[in-house]
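The values are calculated or read from the model by the stated rules, or taken from the named source; none is laboratory data. Worth saying up front: this structure is predicted, and the values here are computed from it rather than measured. Cβ: placed from backbone, ideal geometry, glycine included. Neighbour counts: every protein chain shown.
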């Protein structure tokens, strides 16, 4: 259909001409894109390698087993399932593998950096399970002492770590010890930091976690999808059964193939250099905002939070809309102790994984922060801001060049 192809070209133009600062997005390689759009999409393959419910899966089995083996090597684990369609479905499968309906989960709230599937009132997780939350200290970091006290009080069946808007290193060892103390499973959702862990920029959740879920896009630079990892043979058996036939039918083998390619790419030496640059760019941008007088969080990862309400007198929703007029894509985000509603928010979340894939340097991160600050402070108008964005984008690689 001509219209669809035209729209794809317009989207390609948008991605090439703008600055992608949404922390949960990235750009895949050409090989990942080719596998995601390959003839593998034609094949039904319910089941697992060597145990399918359809014939003709010889090559499919090899592809999926390759993905499993590469993923195990990447994170140094014994078992992996590469079939979840998304991070959300991976979390649903993981919960159901080790919990019964109504069991207690202790996690960080969405307002303080958690995820929708970590017990948001509007999500299945809060409807299926009894969810409690631990919190942050005044400096925005996890209050591990209060976490332990809460865990001792409520005796959860599962403690969850790994967040969508938390800019600091997570102490997996401490949370794992607390989980053991209270007899809880320790689950980590590393969707945002999987690439950082693979690239050596963040400690691994293993050997502390019982079960780990993740997306394969974001910092891992793969196709959109989910994965589940564990070192427990007992848990992987439950996970595999809960994934199929428990919650999903046929796996998306075109996406599984693309996942395998992204795992291979993340095992290459250049990936560590890329991740190190992501962390440097993010830290540089955060520090630049602070030096300019804006209220921004510090960071140790690929993202940070910018309080647009206190810095510029506008909500995160309005900041997101304004920045889109100068081809900078961000997302509104709740801040710790936010007094705005989730669909308005007091700030935005900024991530540098995607623009670093396109070759952004430390100098580019400084200029990015300055453009945003100058524009939202009304020091420059949209015309001048667009010129500066265009100049910066001209230094970056086109998205179909890698």
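Okay, here's what the table says:
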read-out: Test: residue in region 203-224 that is surrounded by fewer than 24 Cβ atoms within 10 Å (Cβ to Cβ) and under 24 Å from residue 336 (Cβ atoms); value: yes
read-out: Filter result for residue 20 (within 22 Å of the chain's Cα centre (by Cα), surrounded by fewer than 20 Cβ atoms within 10 Å (Cβ to Cβ), within 30 Å of residue 395 (Cβ to Cβ) and at pLDDT 95 or above); value: no
read-out: Selected residue [out of contact with any strand residue (DSSP E or B) (no Cβ under 7 Å at 6 or more places or on another chain), outside the structural domain of residue 198 (by TED's automatic domain parsing), farther than 28 Å from residue 190 by Cα and not in a strand (DSSP E or B)] from 395, 284; value: 395
read-out: Residues of region 120-156 that turn out to be under 21 Å from residue 341 (Cα atoms), without any contact (Cβ under 8 Å) to a residue 24 or more places away in the chain and in a loop (DSSP other than H, G, I, E, B), as a count; value: 5
read-out: Verdict on residue 102 being assigned to a loop (DSSP other than H, G, I, E, B) and at pLDDT below 95; value: no
read-out: Selection within region 213-236 - assigned to a helix (DSSP H, G or I) and in contact with a strand residue (DSSP E or B) (Cβ under 9 Å, 6 or more places away or on another chain); value: 218, 219, 220, 233, 235, 236
read-out: Residue check, residue 389 farther than 22 Å from residue 166 by Cα and touching a strand residue (DSSP E or B) at 6+ places or on another chain (Cβ under 7 Å); value: yes
read-out: Pair list, Cβ under 6 Å, 6 or more apart: region 236-254 residue farther than 18 Å from residue 216 by Cβ, other residue assigned to a helix (DSSP H, G or I) and modelled with pLDDT under 95; value: none
read-out: Residues of region 299-324 classified as touching a strand residue (DSSP E or B) at 6+ places or on another chain (Cβ under 7 Å) and either in contact (Cβ under 8 Å) with a residue 40 or more places away in the chain or in a strand (DSSP E or B) (or both), total; value: 9
read-out: Residue 276 vs. criteria under 18 Å from the mean Cα position of the chain (by Cα), outside the structural domain of residue 391 (by TED's automatic domain parsing) and touching a residue at least 60 places away in the same chain (Cβ under 8 Å); value: no
read-out: Single unsatisfied condition, residue 349 versus (1) touching a helix residue (DSSP H, G or I) at 6+ places or on another chain (Cβ under 8 Å); (2) crowded, with 24+ Cβ neighbours inside 10 Å; (3) not in a loop (DSSP other than H, G, I, E, B); value: (1)
read-out: Residue tally, condition part of a helix (DSSP H, G or I) and either buried (at least 16 other Cβ atoms within 10 Å of the Cβ) or free of Cβ contacts under 8 Å to residues at least 12 places away in the same chain (or both), over region 157-173; value: 1
read-out: Residue under evaluation residue 9, criteria (1) under 29 Å from residue 391 (Cα atoms); (2) in contact with a strand residue (DSSP E or B) (Cβ under 7 Å, 6 or more places away or on another chain), criterion not met; value: (2)
read-out: Residue count for region 25-65, restricted to those that are touching a helix residue (DSSP H, G or I) at 6+ places or on another chain (Cβ under 6 Å), assigned to a helix (DSSP H, G or I) and more than 13 Å from residue 83 (Cα to Cα); value: 6
read-out: Any chance residue 86 is modelled with pLDDT of 95 or more, under 16 Å from the mean Cα position of the chain (by Cα) and assigned by TED's automatic domain parsing to the domain that holds residue 206; value: yes
read-out: Count - residues of region 189-201 that are part of a loop (DSSP other than H, G, I, E, B) and crowded, with 24+ Cβ neighbours inside 10 Å; value: 4
read-out: Residue 339, sole failed condition from (1) more than 21 Å from residue 136 (Cβ to Cβ); (2) part of a loop (DSSP other than H, G, I, E, B); (3) without any contact (Cβ under 8 Å) to a residue 12 or more places away in the chain; value: (1)
